[in-house]
Structure formats: structure tokens, C-alpha cells
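Below you'll find the structure, written out as C-alpha cells, and then a few comments.
Just so it is clear, none of the values below were taken in a lab; they were calculated from the coordinates. None of these values were measured; they are calculated from a predicted model. FYI the Cβ positions are ideal-geometry reconstructions off the backbone, even for glycines, and counts take in every protein chain you see.
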Amino acid sequence: MLVNIMFTNIIRKSEDEKFKNAGDWIFVFGRRKTGKTFYLKNFTKWDEYFFVTREGSLIRDGEVLTFNEFFPLFKSLLESKKIIIVDEFHRLPPIFFDYLHSSGGKGRLRVVSSTLWLSKQMMEKRSPILGLFYSIPFSIIDERDILSSIKLSDKKEKVEAAVYLREPILVQFYKPPVREFLARYLTDNKMTVQGLVGEIFREEEKQLSNVYEGIMHAVASGRNTSSEISSFLFSRGLISKDNPGLIQGYLNNLVSMGIFQKEKVFDKKKFVYHHVSPLLDLFFYANEKYGLLETQLPAEFIKKVIDEKLPIHVERFVSSLASKVYSMEKVKIEEPEIDIALVLFKKLKIVGEVKWSRITMEDVRAVEKKLEAFDAERLLIVPDKSGLRSKILKIIEPADLLIKKITS
């Protein structure tokens with residue numbers, strides 16, 4: 001099967017829009033391996049690029065500079081209005097941040113960070129750089145961009161691959177079918193996947209890091225509300241009381257860093273949380289339920305875990321894709337539980353079900369019965385719509401969402 005899906009061929013139009021509206025000083029943040037540096041160096045204009053090592057030295061075109069060598073050079077470049085990128089800039093000493101504050105935002109500067117610590121520090125009242133930067137969170141590849149970039153004739157494989165290839169780290173290694181590819185990848189690269197979130201918590205205290213990891217395990221295993229997550233953490237001895245209020249700050253940080261997605265429950269003062277990355281959701285689920293990190297699970301067993309989780313990941317992918325295409329808020333309806341619910345100005349406009357296995361007309365009738373009570377457009381999303389008909393449902397494939405709007 002011919003696959004034309006090199007990462008360099010994926011145009012991240014969603015990020016293009018964000019940068020188009022940004023100012024001269026831009027702060028790009030997000031977890032590791034989401035393509036922050038790759039995007040800046042390949043799809044934006046720049047004159048000088050510096051990478052800050054963990055020891056505090058800087059690399060420029062293969063040359064290693066001390067901070068004392070870098071600092072006057074940086075000030076000169078900024079004065080001359082060169083476009084400068086400083087990658088992992090949170091590793092620089094306090095005098096650098098004080099200088100940024102005193103410079104008054106002159107020149108053109110792009111700074112990059114992968115740490116949760118810095119994103120919090122940036123927002124604190126006492127931060128010397130508060131308000132100086134236009135902040136751009138950088139997450140995994142947008143559903144619209146990845147789906148429109150994959151060139152596969154097998155429609156089901158195309159969507160399933162798109163779900164997981166939103167992770168840039170997977171793109172260069174992908175060989176279909178995606179389920180077997182993922183099983184092999186997790187078998188051989190589980191430490192790499194764990195490391196994707198490691199840098200975020202590097203600056204945190206050990207106990208805080210344990211809480212964050214506990215939350216990610218809880219959500220991956222289906223505990224999606226703050227009360228459920230709190231009970232999970234308390235049972236593990238990670239928090240002192242079973243109190244959802246104690247973890248709200250952690251959840252907010254995970255949302256702001258693009259690790260979690262926060263979704264409102266329709267007509268209720270309640271939220272649910274999901275992993276943004278299906279790969280991380282799969283990893284933490286397999287580790288929580290089957291001890292992925294501690295045991296050598298065979299690839300065939302991991303494939304069964306993937307088969308279990310993949311329909312859920314497809315549902316979330318399609319729901320998020322529809323939300324972005326139609327510019328509506330994605331919400332959760334608990335009774336009856338449905339896969340897609342989109343609202344506009346608090347009014348339910350679109351509902352839908354995703355059926356990812358072989359579907360018959362009997363299945364279509366069951367969906368009709370489930371959705372008929374909703375005063376909204378009703379969707380049924382399937383891998384292949386050939387031969388399926390309905391008087392009250394719009395039956396479409398995921399790729400159709402890229403080319404057609406639903407009139408409300």
C-alpha cells in the first residue's frame with residue numbers, strides 16, 4: 001500500500017491562522033514532540049535560532065555559547081530587529097527575564113517552552129514578563145489538517161491512521177495497518193511515549209509530578225469527572241483528602257498545556273476531561289490496566305487493547321472535527337449518551353452517532369430511534385456510507401466533514 005504521508009507534507013493551517021494574528025513577541029508552549037520547533041523553523045520567518053541546554057549554555061548553528069557570550073549578542077540582535085527564536089528559554093537565568101521586561105517589547109522575538117512550570121510563571125502577577133508575549137498553545141496536529149493530508153484509498157484505515165498520526169512523533173514511522181503499527185510501536189517505544197510528558201513536570205516537585213501522572217492514569221481509565229479523579233487519587237494516597245477542589249488547579253494546568261480537553265455536560269454545571277492525545281490515552285490506559293511499563297506485553301496483546309480503545313478515539317476525533325468545522329461548542333449529553341453533541345449559543349444544533357464497525361439498516365433504525373427526540377440536525381458517521389439510507393439522519397463519512405456544511 002503506497003503511503004504518501006511524510007510529516008513535511010502536512011500543512012498545519014490551524015497554526016498558520018494563530019501566527020498570522022500574533023504580535024512581534026510570541027510565546028509558544030506545549031508538551032514535547034508536538035512540532036513547535038519544527039513549525040517555527042520551517043513555516044515562519046526567522047533570522048537567528050538559539051537552543052538552551054539543560055546546563056544553561058546555548059547552541060547556535062552548531063556552536064556552543066555560554067550565557068555571557070549569548071547575552072550581548074542577543075541584545076544586539078534584538079536592537080537590530082532581527083527575528084530571534086529562543087528554544088527552551090525558561091532555562092535561562094533571571095537576568096534574562098528582567099532584561100525582557102526592561103526592553104519594553106522591542107524587536108521581534110519567539111520563545112519556546114515545554115514546561116508546565118513556565119506556563120504558570122508567565123501568568124503570575126509578579127512575573128517580569130507578564131503581558132509581554134502573545135501566547136500560542138501548541139498541541140498535536142489538528143484533525144482537519146491530518147485528515148486532509150493522508151493519501152490512502154482505504155477509507156477506514158485513513159481515518160484510523162489520522163486519529164493517531166496527529167502525534168507528529170508517529171508520522172515518520174507509520175506503516176499500515178495502523179492497529180498493528182501502534183502495537184509494535186508501543187511494544188518497542190513505551191519509554192519514549194512516557195517521555196512525551198516528562199519535560200512538562202521536570203521543574204515540579206516529585207509529589208506534584210506523581211499527582212499529575214495519577215490524574216492522567218485516572219482519566220485514561222475512564223474516570224472523567226473531578227470527583228471520580230479525586231477519589232482515584234485519594235485511594236492511591238496521592239492527595240490528603242477526597243476533595244475535587246484540591247485537584248482543580250492540576251486539571252486547569254493540564255488543559256492549558258494541551259494535555260487534557262475539558263468538555264461541558266449539557267444543561268449541567270459539570271465538566272468531563274479527556275486526553276487530547278489518543279496515543280497518551282492508550283499508553284496510560286494500558287499501563288493502568290495491564291502494567292505496560294512494568295511488564296513485557298506482547299504486541300498481539302497490545303493490539304487487543306488498541307481494538308478496545310480505538311472506537312472511542314474515533315468518536316472523539318470525529319466529534320472534535322465536527323466542532324471545529326461548524327464552529328460550535330462540543331458538549332456531552334449523558335442521557336441518552338450520544339457520541340456527538342454541538343451547541344451554538346447554548347442551543348443544541350447538531351447531534352450524532354459514530355458507528356465504526358460493520359453497519360446494517362437495522363443499526364441505522366436504532367440510531368434513528370435514539371436521536372429522533374432531538375430538535376437538531378442528526379448525523380450518523382460511518383466508515384462507508386454506501387447503500388445506507390435514512391429519512392431523518394444525514395449519513396456521512398468523516399472525510400465528508402471537510403467538504404460539506406450542515407445547514408441549521
Relative contact order as a percentage, segment 317-402, C-alpha pairs under 8 Å and 6+ apart, gives 23
In degrees between 0 and 90, to the nearest 10, how far off the longest principal axis of the chain does helix 361-371 point, with axes built from Cα atoms? 70
Over 20 Å between Cα atoms, which of Lys175/Lys289; Lys175/Lys303; Lys303/Lys324; Lys268/Lys347; Lys349/Lys369 qualify? Lys175/Lys289; Lys303/Lys324
With Rh as the Kirkwood radius over Cα pairs, segment 316-406 has Rg/Rh of 0.93
Using alpha carbon centroids, what distance separates segment 328-363 and segment 124-198, in Å? 25
Loop-located GluC sites (Glu not before Pro) in segment 263-335 whose Cβ has at most 14 other Cβ within 10 Å (DSSP): Glu294
His101 versus Tyr134, label points 7 Å from Cα toward the beta carbon: distance in nm? 2.4
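Applying 1/(1 + (r/R0)^6) with R0 = 56 Å to the Cβ-Cβ distance of Val265 and Glu69, what FRET efficiency is obtained, to the nearest 0.05?
0.55
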So what's the angle, to the nearest 10 degrees on a 0 to 90 scale, between helix 278-290 and the longest Cα principal axis of the chain? 80
What percent do you get for the relative contact order of the chain when only Cα pairs under 8 Å and 6+ apart count? 14
Just the projected area, averaged over all directions, of the convex hull on the alpha carbon atoms of segment 126-273: how many nm²? 12.4
For segment 7-137, calculate the relative contact order in percent as a whole number, restricting contacts to Cα pairs under 8 Å that are 6 or more residues apart. 36
Test of the criteria: in segment 274-351, which chymotrypsin sites (Phe, Trp or Tyr not before Pro) are in a DSSP loop and have at most 14 other Cβ atoms within 10 angstrom of their Cβ? Phe345
Helix 178-195 sits off the longest principal axis of the Cα atoms of the chain, rounded to the nearest 10 on a 0 to 90 degree scale, by 30
Simple label model, 7 Å out from Cα along Cβ direction - Phe43 to Glu362, nm: 4.6
So what is log10(I(q)/I(0)) for the chain at q = 0.07, 0.11 1/Å, when the Debye sum runs over its Cα atoms only? -0.37, -0.91
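Would you please name the GluC sites (Glu not before Pro) within segment 51-90 that are DSSP coil residues with at most 13 other C-beta atoms within 10 Å of their C-beta?
Filter output for segment 51-90: Glu55.
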